[in-house]
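Structure first, commentary second.
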Amino acid sequence: MTTATRPPATSGASRVEVRTTARRRPAPGVIALYTVAALAALLWLVPLAWAIATSIKPEGETTAMPPTWFTANPTFEAYLNVLGRGDIVRWTANSLISTTLVTVLTLIVCVLAAYGFSRFDFRGRPWLFALIIGGILIPPQTLIVPQFVLMTQLGLVDTYWGIALPQVVAPVFVFILKRFFDAIPRDYEDAARMDGAGPVRVLWSVVLPLSRPILTAVGIFTFIGAWNNFLWPFLVTTAPEMMTLPVGLGTVMGGYGIQYAQVMASAVLGAVPLLVVFLLFQRHIVTGVAGAGIKG
Amino acid sequence: MTHSTTDSTRTVTGGAGDASHVVVDVRRRPTTWTGLWFVLPFLAFYLLFLVWPAIVGLGYSFTDRSLAGGPVSLVGLDNWNESLTDPALYDSLWNTLVFTLLSVPIMVLLALGLALLTDHARRLGWFLRLSFFAPFVLPVAVMALIWEWMYNPSLGLFNGVLGQIGLEGSQWLFSEDTAMFSVVIATAWWQVGFNYLLYLAAMQSIPKDVYEAASIDGAGAWQRVGRITLPMLSRTTVLITVLQLIGSLRVFEQVYLMTGGGPNFATRTIIQYIYDSGFVGLRIGLASSMAYIFMALVVVVSIAQFRFFAQKED
C-alpha cells in the first residue's frame, strides 16, 4: 500500500495520516504512474477492441481509409453469417470434447504417477523418474512425423482420441504435482492407513482434498494448453468437420479472404470460450502461476 | 536426487516425538510394487507417445520412407548428409535464432515493466491484470487473424493511423526486413501475460517491512525499486529467461499462420521446415533427420542453461 504513496520522511508511525493526505492530493509521481498504467492497459486492449469494432461494421465499411472506430450502422450480420454456416459451432464442440478428454486423462495419470513417485519406493524408481523428467527437454514438435505415422497405424486420424491421446504426456505436471505432494505431511495418511484405508483410498480421500489448489491450477493450464494447441490437431485432422476451433479458424477462415467483418466476427467468437473461462477462474489462474513460479 | 533430499528433510523435521518410527518408515521403506502401479498409466502414455516415436523417428532417418507409402529401403547416412549440407536448414535455424534473440529480451523486460506498473498502481490491479493477461488465453489462430488484419498494408489499422499523423506506413508482414519483427511484436502482446504473472507474484511475495524499513531510511520510490525489488527478483528473472528461451526456440504456429514462412522464406522456422519436408514434401526420412538435429540443439541449449544458472545460484 505504501508503495503507491510518498513515504513519510520522518517516521513510519504517521503512516495512516500520510495515506489519508495522499488520497486527497495525490503526488504528481502517483498521478503519472496511474496515467501510464491505465494507458498501457488500454493499449493492450486495442487489438481485441479493433476486432470487435470491425466485426459489427457493415461489410462495405470495413475497408474505409482512414480507419474509423465507430460505425453509424452497427450490425450483427457478420456474426449471423458466420454462425449460420455452422462450422464454427462444430469446431467449438470438437474442441470441447477433445480438450475435456485431454484434461481429464492428464489429471488422472499425472496425479497417480506423482503420488507413486512421492510416496512409494520401488525398484527402478530413480531411473524412471529421471527418464520422465528428461522428457521435459524434448520439444514435442520434433516428434510430429513418427507420432503421425503411429496414429495412421492405429487408425486414429480424424478422431477425438487421435487429437487427445498424444497431448496427455505432460512430464512437467508430474514434476509439479510430486513436489506439491512431497510437501504434504504424511501424518494424515498414516492415520487413514491405520484405519485400514488402501493406497488409492488414501490418495482419494486424504491427499486430493488437500491438493485442491494445485489440481485446479494444473487442470486449468492443461485445458488452456489443449484448447489452444494448434500443430498436433492441425496434422491429425484432415476432414473439416473434425477440426478443432484453432485449426478451423487458422486453415478455413483464410479462405474467406476480404470479408473482414466476418473474419473478425469468427475471431471474436473463437476468443469467447476461453475468455469466459479466464474471467470465471481468474483468481485460480493467477495463484496457480504464482505457486508454480515461486517454488520453481 | 530430489526424493533423497525430501526423505532426509522428512527424517529431520518429523523426528520430534518418536524419531525411531520415522527413521524406520523412511530409510527402510519396504520396496513393493505398489508405487509402480501408480506410475504405470502415465508410463504407458509416455512410452507409447513419446519414447516409441522418438526411437522410431531415429530409425526413419536412415531410410527413404515416404508419407505417400511405397517400398522403404535403408539409405545409411544419406538423409543426415543432405540435411547437414542443406543451406535452407541453416536459414531456418537462423530465422529461429533471430526470433529467439528478439523475443526473449522483449518478453522478459516488458513483463517486468508491466508487473512493476501493476505492483505500484494497486488500485487499478484487477483491470491491469485483466488487460495484460487476457491475450494469453486466445487461440493462436484468433491472435493471427486479428494481427494480420491490423498489419494489412493497404487497409489495416496501423498504416491507417500512421497515415493520419503524416507518417509513411510499413509493409509489416509483407517485407523480408520487417516480417519477423512484426511477428515478435504480435507474440509479445499475445504471450507476455504469463511472464508478467510470474513477476507479479514474485513482487507481491517480497515482505512489506523491507520496503517500510527502506522508506524510514529515506529511500525514494525509484531507489526502492532499484535496490530492493530488482535484486530480490533475480531468481524469478533467471526462471523466466530460461523458460522463455526454451519456449522461443520452439516457435512455429504464429509465424506459420501469419506469414506462412514468407516472404521468400525469410520467416520460415526450423519446425516449419521439418513440417514442410515431412508433410508437404512427404519425405519422412529426411524430416526425421532434421527433427533430430533440432532436438539435439534444444537439449544441449537447455542443459547448458540449467548448468550455467545452477552454478550461478550457488
Looking at chain A, do any whole DSSP H helices span at least 27 angstrom along their long axis by alpha carbon and average 1.6 or above on Kyte-Doolittle, and which? A:28-55, A:260-280
Within 10 Å of each Cβ in peptide B:186-196, how many partner chain Cβ atoms are there on average? Round it to a whole number, please. 2
In nm², what is the average projected area of the convex hull enclosing the Cα atoms of chain A? 24.8
Hydrodynamic radius (Kirkwood) for segment B:190-314, which is based on Cα pairs only, to one decimal in Å: 18.0
Could you let me know the centre-to-centre spacing of segment B:258-314 and segment A:131-180, using Cα atoms, in angstrom? 17
Hey, any idea what % of segment A:176-285's accessible area is carbon plus sulfur with a 1.4 Å probe? 67
Within a Gaussian network of chain A (alpha carbon springs, distance under 10 Å), most fluctuating of A:Gly162, A:Gly248, A:Gly135: A:Gly135
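Sort the protein assembly as shown into rounded, prolate or oblate with this rule: let a ≥ b ≥ c be the square roots of the eigenvalues of the Cα gyration tensor; rounded if a/c is under 1.5, and if a/c is not under 1.5, prolate when a/b is larger than b/c, oblate otherwise. List each step's numbers first, then the result.
Details: a/c = 1.69, a/b = 1.04, b/c = 1.63.
Since a/c reaches 1.5 but b/c is at least a/b, the shape of the protein assembly as shown is classed as oblate.
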Scanning chain B for helices, which whole DSSP H stretches are 15 Å or more long along the axis (Cα) and average -0.5 or more by Kyte-Doolittle? B:34-46, B:87-120, B:140-151, B:179-204, B:234-249, B:284-313
Tell me what chain A gives for mean residue ellipticity at 222 nm when only DSSP H runs of n ≥ 4 count, each as -39,500 (n - 2.57), the sum divided by the residue total, rounded to 500 deg cm²/dmol. -21000 deg cm²/dmol
Linear extension gain, B:Leu97 paired with B:Ala304, 0.36 nm per residue minus alpha-carbon span: 72.9 nm
Roll a 1.4 angstrom probe over the protein heavy atoms and tell me the percent of accessible area of segment B:88-313 that is carbon or sulfur. 65
Gyration tensor (Cα) of segment A:115-245, equivalent ellipsoid semi-axes in angstrom: 35, 17, 14
Using Cα springs under 10 Å in a Gaussian network model of chain B, which residue among B:Val225, B:Val298, B:Val183 shows the largest mean-square fluctuation? B:Val225
Would you compute the Debye intensity of chain B from its alpha-carbon atoms alone, equal scatterers and no solvent, and pass along log10 I(q)/I(0) at q = 0.13, 0.15 Å⁻¹ to two decimals? -1.15, -1.27
Before we go on, tell me the buried accessible area for the B/A pair, both chains summed, 1.4 Å probe, in Å² to the nearest 100. 9900
Please check: in the Gaussian network model of chain A (C-alpha springs, under 10 Å), which one of A:Val89, A:Val202, A:Val172 has the largest mean-square fluctuation. A:Val202
Stokes-Einstein, Kirkwood over Cα pairs, segment A:84-192, 37 °C, 0.692 mPa s; D in µm²/s equals 200
Provide a whole-number value for the mean count of partner chain Cβ atoms within 10 Å of the Cβ atoms in peptide A:42-54. 5
Taking only protein heavy atoms into account and a 1.4 Å probe, give the accessible area per residue of chain B in Å². 46
With runs of 4+ DSSP H residues as the only contributors, calculate the mean residue ellipticity of chain B at 222 nm using -39,500 (n - 2.57) per run, divided by the residue total and rounded to the nearest 500. -21500 deg cm²/dmol
Reduction of at least 30 Å² in accessible surface, 1.4 Å probe, comparing all protein chains with the chain by itself, residues of segment B:42-60: B:Phe42, B:Leu43, B:Phe45, B:Tyr46, B:Phe49, B:Leu50, B:Pro53, B:Tyr60
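The values are calculated or read from the model by the stated rules, or taken from the named source; none is laboratory data. Worth saying up front: this structure is predicted, and the values here are computed from it rather than measured. Every residue, glycine among them, receives a Cβ derived from its backbone with ideal geometry; neighbour counts consider all protein chains shown. Surface areas here come from the heavy atoms of the whole protein model, side chains and all, with no ligands, DNA or RNA. Shrake-Rupley method; radii C 1.70, N 1.55, O 1.52, S 1.80 Å.
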